[in-house]
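The values are calculated or read from the model by the stated rules, or taken from the named source; none is laboratory data. The model shown is predicted, which means the values in this text are computed figures rather than measured ones. Every residue, glycine as well, gets a Cβ built from its backbone with ideal geometry; the counts of neighbours run over all protein chains shown.
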Amino acid sequence: MTAQYQVHGDIAVITLNNPPVNGLGLATRRAVTDGLAQANADTAVKAIVLTGAGKAFSGGADIKEFDTPEAMREPNLLSMILAIENSAKPVVAAIHSVCMGGGLETALGCHYRIAAPGCNVALPEVKLGLIPGAGGTQRLPRVLGVEAALNMIVSGEPVKSELLASLPGQKLFDKLAASAESLLEEALIFARSIADARPLPLVRNLKCKHPQGDAYFQFARNMVKGMAKNYPAPLKCVDAVEAATKQKFDAGMAFELSTFLNLMWTPESRALRHIFAAERAASKIPDVPADTAQRAINSVAIIGAGTMGGGIAMNFLNAGIPVKLLEAKPEALERGLATIRKNYEAQVAKGKLKQDKLDQRMGLLSTTLSYDDLGDADMVIEAVFEDMGVKKSVFQELDRVMKPGAILASNTSTLDLDQIASFTQRPQDVVGTHFFSPANVMKLLEVVRGKATAKDVLATVMALGKKIKKTSVVSGVCDGFIGNRMIEQYGRQAGFLLDEGCTPAQVDKAVEKFGFAMGPFRMGDLAGNDIGWAIRKRRYVEMPGMKYSKTADLLCELGRFGQKTGAGWYDYQAGKRDAVPSALVEKMVVDHRASLGITPRKISDEEIVQRLVYAMVNEAAHILEEGIASKASDIDMVYLTGYGFPIYRGGPMHYADQVGLFNVVQAMQRFAQNPLDDAAFWTPAPLLAKLAAEGKTFN
Ligand code: NAI
């Protein structure tokens, strides 16, 4: 049952019932139109109330129907709304909790609307690269006025019902109920009060004008252009609302629909819709049922108060979870504590945090130098030096002191989690929580699943990730996990490009033009070039056959580790972060090239981007094949939330799907012909080759 039909005296009540948010899928739409027909056929019924069961009036379109033909099957949203408008008996929408997208458009098709306070009202389609497609752009300005409606449509942000009800002259709500609890009762009384009133009021018949229309829409376009440069939808929202003011209702509706359908095909909307689904899918682990019992995490201990430990601690303090911080030496503890306080103080100075919140958060933080003080914590996260010997001694101590059932997590970025787990008698309780720097800011959390990690530990850590507002993605154990394993291939290509003829600035510019927040060399300078250097030194021993450009090593030999040393691939003025191209580095690159006997060639931006991005895609295909990631969309989430991949391109796997895997493979075969590149690497991963041959996609 996706909607229930009941009769209360002379009023029929249709209650949407399609959890979790009463999405308007085909079955629900049918149940609504059936209910309308039944109510209209019943002579005892004088009016109809449309409401929602549970946590929402309606959240709008059913995401399960996204991109399927079901969405357009009759009755589609437009025809359901038309059926409501055409009902011979008045329909009253009784709105509470959530009224968004198609849910709001449905309410706008009703003859009357009564809302509970506290309801979130929105047309969020723009966040999916779309405009509302079932009358939202035509009806909302008619009830709210052009400016208030356009603000809601362009931003997609929810506005509280009581605020909307207080807008002068608004016709969105006929009445604001006293509370969500009394909503239905008040709606029934209201329905009886208007049951005999004719003609039935229709939003479509209201006037829609702006006194300075042309000037206002020009202003709106200028504002929107500045804010949404890579996205076409926000400007289309302005066009559609303008159409509501200049065209007859039905013509405006036709304009809205054709604009909506055109936007559905844009790469930006496809990317945003993909991300919407990918975000939800990331929290689902194929062999860990959603109802897996979780362990309670009411307190957390953190080992190491360095760069990562401090940032990790802040996540939990922000979420109201007490943290005990352990360090090896009192000075290190002092330093760590001071950094956390300084970070919070900076937020207070910027007005982002209130002083009492700072005090509250710092009040949840305690410190110790002794493992014996940690035993009661429900979870412990280790963030000490990246050295297996140090990790071993820490995990042996944790095994000794932590209470049974406590979760033992490591923030290691490169070490073998299974080996770390083997230092304890309880490998089932050991998991990786790979935060990204700065850990209090970056959204991504790679949850590393060891071969013994228990399912309830995984379920608990995924839920905890949500609580601390991270996007959590599960990764199996391998060197670099998902994100860093791929970025290594990207970095290797960046190095080859220097050897073949590029400057660091040329590579960065091409990648930034593609939409990355930062090119590989600027990113290296930010993260510290010494990190990659340490990894390569290990590789030279472990994998002597692996080919690297030597330029990055030469750079590090000069002590140019990046921003922290005031010089890296670029020069930096004291206290500034602006990357200034360095004559010294450019000469170093040229000299190295000459020493290899390479004649430089002109390399196009297209080749730069393809080599860097496809290198990641090929590595990702191996990662998928090995089961390190359970789905391609997880890899996209890692890159979107942890590595600055352009949102409007949907992540590397989605992007490759859009380019066409056949084309990606063709390009790789071209790159394999380049004697200065790594031909073996460019052999397409078997999964990629197979999908390309079958004309399929990753996602
Ligand atoms: P860091 O050097 O800034 O901090 C490490 C802290 O651990 C130091 O304060 C040190 O005094 C303390 N420590 C060392 N041995 C200890 C012991 N036996 N008991 C207690 N405290 C001890 O290092 P960072 O950057 O915070 O890295 C920590 C871990 O996080 C490493 O495993 C690293 O690979 C990982 N990681 C680092 C990232 C980064 O960007 N820095 C990103 C993701 C992971």
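Here residue 390 does not qualify as modelled with pLDDT of 95 or more, within 25 Å of residue 470 (Cα to Cα) and within 15 Å of the ligand (Cβ to nearest atom).
Name the residues in the stretch 356-372 that are more than 15 Å from the ligand (Cβ to nearest atom) and in contact with a strand residue (DSSP E or B) (Cβ under 7 Å, 6 or more places away or on another chain), would you?
Taking the stretch 356-372 and keeping what is more than 15 Å from the ligand (Cβ to nearest atom), we get 356-366.
Of everything in the stretch 356-372, those that are more than 15 Å from the ligand (Cβ to nearest atom) and in contact with a strand residue (DSSP E or B) (Cβ under 7 Å, 6 or more places away or on another chain) turn out to be 364, 365, 366.
When 60, 9 are checked against the criterion of being buried (at least 23 other Cβ atoms within 10 Å of the Cβ), in the same structural domain as residue 181 (by TED's automatic domain parsing) and on the phi > 0 side of the Ramachandran plot, a single residue qualifies: 60.
Could you please let me know if residue 171 is touching a residue at least 60 places away in the same chain (Cβ under 8 Å), in a loop (DSSP other than H, G, I, E, B) and surrounded by fewer than 16 Cβ atoms within 10 Å (Cβ to Cβ)? It would help to see each step written out before you state the result.
Values: touching a residue at least 60 places away in the same chain (Cβ under 8 Å): no; in a loop (DSSP other than H, G, I, E, B): yes; surrounded by fewer than 16 Cβ atoms within 10 Å (Cβ to Cβ): yes.
No.
Contact map, the stretch 99-110: first residue under 13 Å from residue 144 (Cβ atoms), second residue of a type in the set (Ser, Thr, Tyr), Cβ cut-off under 9 Å, separation 6 or more or different chains; pairs are 104/58; 107/58.
Determine if the stretch 93-103 includes at least one residue that is under 26 Å from the mean Cα position of the chain (by Cα), surrounded by fewer than 23 Cβ atoms within 10 Å (Cβ to Cβ) and closer than 23 Å to residue 177 by Cα.
So in the stretch 93-103, the residues under 26 Å from the mean Cα position of the chain (by Cα) come out as 97-103.
Next cut, surrounded by fewer than 23 Cβ atoms within 10 Å (Cβ to Cβ) only: 97.
Still in the running and closer than 23 Å to residue 177 by Cα: 97.
Checked against the condition, which is being under 26 Å from the mean Cα position of the chain (by Cα), surrounded by fewer than 23 Cβ atoms within 10 Å (Cβ to Cβ) and closer than 23 Å to residue 177 by Cα, the stretch 93-103 yields at least one hit.
Restricting attention to the stretch 571-589, the residues that are outside any helix (DSSP H, G or I) and out of contact with any Asp or Glu (no Cβ under 6 Å at 6 or more places or on another chain) add up to 10.
Please verify whether residue 47 is exposed (fewer than 15 other Cβ atoms within 10 Å of the Cβ), at negative phi, at pLDDT 95 or above and out of contact with any Cys (no Cβ under 7 Å at 6 or more places or on another chain), treating the condition exactly as stated. So residue 47 does not fit the description; no.
Checking the conditions here, which among 375, 336 is surrounded by 15 or more Cβ atoms within 10 Å (Cβ to Cβ) and either small (Gly, Ala, Ser) or away from the ligand (no atom under 14 Å from the Cβ) (or both)?
Values: 375 fails: surrounded by 15 or more Cβ atoms within 10 Å (Cβ to Cβ).
Testing whether each residue is surrounded by 15 or more Cβ atoms within 10 Å (Cβ to Cβ) and either small (Gly, Ala, Ser) or away from the ligand (no atom under 14 Å from the Cβ) (or both) leaves just 336.
Look at the stretch 294-316: where a residue is over 19 Å from residue 396 (Cα atoms) and near the ligand (Cβ under 9 Å from one of its atoms) and a partner is among the β-branched types (Val, Ile, Thr) and part of a helix (DSSP H, G or I), sitting 6+ places away or on another chain with Cβ atoms under 7 Å, you get 310/339; 310/340.
Kindly evaluate residue 428 against the criterion of being more than 19 Å from residue 630 (Cα to Cα) and away from the ligand (no atom under 13 Å from the Cβ). Considered against the rule, which asks whether it is more than 19 Å from residue 630 (Cα to Cα) and away from the ligand (no atom under 13 Å from the Cβ), residue 428 comes out as yes.
Do we have residue 381 as buried (at least 23 other Cβ atoms within 10 Å of the Cβ), within 11 Å of the ligand (Cβ to nearest atom) and not aromatic (Phe, Trp, Tyr) here? Walk me through it before giving the result.
Numbers: buried (at least 23 other Cβ atoms within 10 Å of the Cβ): yes; within 11 Å of the ligand (Cβ to nearest atom): yes; not aromatic (Phe, Trp, Tyr): yes.
Considered against the rule, which asks whether it is buried (at least 23 other Cβ atoms within 10 Å of the Cβ), within 11 Å of the ligand (Cβ to nearest atom) and not aromatic (Phe, Trp, Tyr), residue 381 comes out as yes.
Quick check on residue 225: is it of a type in the set (Lys, Arg), modelled with pLDDT under 95 and farther than 30 Å from residue 459 by Cα? Talk me through it step by step, then tell me what you get.
Details: of a type in the set (Lys, Arg): yes; modelled with pLDDT under 95: yes; farther than 30 Å from residue 459 by Cα: yes.
So residue 225 passes the test.
Could you pull out the residue among 456, 499 that is away from the ligand (no atom under 14 Å from the Cβ), surrounded by fewer than 20 Cβ atoms within 10 Å (Cβ to Cβ) and assigned by TED's automatic domain parsing to the domain that holds residue 645? Don't jump to the end; show me each part of the working.
Details: 456 fails: assigned by TED's automatic domain parsing to the domain that holds residue 645.
That would be 499, the only listed residue that is away from the ligand (no atom under 14 Å from the Cβ), surrounded by fewer than 20 Cβ atoms within 10 Å (Cβ to Cβ) and assigned by TED's automatic domain parsing to the domain that holds residue 645.
Answer with yes or no whether residue 157 is touching a helix residue (DSSP H, G or I) at 6+ places or on another chain (Cβ under 9 Å) and buried (at least 24 other Cβ atoms within 10 Å of the Cβ). It is false that residue 157 is touching a helix residue (DSSP H, G or I) at 6+ places or on another chain (Cβ under 9 Å) and buried (at least 24 other Cβ atoms within 10 Å of the Cβ). Is the stretch 292-301 home to any residue that is buried (at least 19 other Cβ atoms within 10 Å of the Cβ) and assigned to a strand (DSSP E or B)? Yes, there is a match, as at least one residue in the stretch 292-301 is buried (at least 19 other Cβ atoms within 10 Å of the Cβ) and assigned to a strand (DSSP E or B). Against the test of being assigned by TED's automatic domain parsing to the domain that holds residue 461, in contact (Cβ under 8 Å) with a residue 12 or more places away in the chain, away from the ligand (no atom under 13 Å from the Cβ) and not in a helix (DSSP H, G or I), the options 408, 353, 415 yield a single qualifying residue, 408.
Among residues of the stretch 371-396 that are among the acidic types (Asp, Glu), those with a beta-carbon under 9 Å from a residue that is at pLDDT below 95 and buried (at least 18 other Cβ atoms within 10 Å of the Cβ) at least six positions away or on a different chain give the pairs 386/413.
Condition check ((1) within 27 Å of residue 650 (Cβ to Cβ); (2) more than 16 Å from the ligand (Cβ to nearest atom); (3) surrounded by fewer than 15 Cβ atoms within 10 Å (Cβ to Cβ)) across all residues:
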{"residue": "503", "(1), (2), (3)": "no, yes, no"}
{"residue": "515", "(1), (2), (3)": "yes, yes, no"}
{"residue": "538", "(1), (2), (3)": "no, no, yes"}
{"residue": "554", "(1), (2), (3)": "no, yes, no"}
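For the stretch 325-350, residues that are in a helix (DSSP H, G or I) and either charged (D, E, K, R) or farther than 15 Å from residue 314 by Cα (or both) total 9. Take residue 399 and tell me if it is more than 11 Å from the ligand (Cβ to nearest atom), in contact with a Ser or Thr (Cβ under 8 Å, 6 or more places away or on another chain), part of a helix (DSSP H, G or I) and assigned by TED's automatic domain parsing to the domain that holds residue 325. Against the criterion (more than 11 Å from the ligand (Cβ to nearest atom), in contact with a Ser or Thr (Cβ under 8 Å, 6 or more places away or on another chain), part of a helix (DSSP H, G or I) and assigned by TED's automatic domain parsing to the domain that holds residue 325), residue 399 qualifies.
Of the residues in the stretch 433-450, none is more than 30 Å from residue 352 (Cα to Cα), modelled with pLDDT under 95, within 15 Å of the ligand (Cβ to nearest atom) and polar (S, T, N, Q).
Look at the stretch 448-469: where a residue is touching a residue at least 12 places away in the same chain (Cβ under 8 Å) and a partner is surrounded by fewer than 22 Cβ atoms within 10 Å (Cβ to Cβ) and assigned to a strand (DSSP E or B), sitting 6+ places away or on another chain with Cβ atoms under 6 Å, you get 455/288; 458/288; 459/288. Out of 53, 39, 61, 27, one residue alone is of a type in the set (A, V, I, L, M, F, W, C) and free of Cβ contacts under 8 Å to residues at least 40 places away in the same chain. It is 27.
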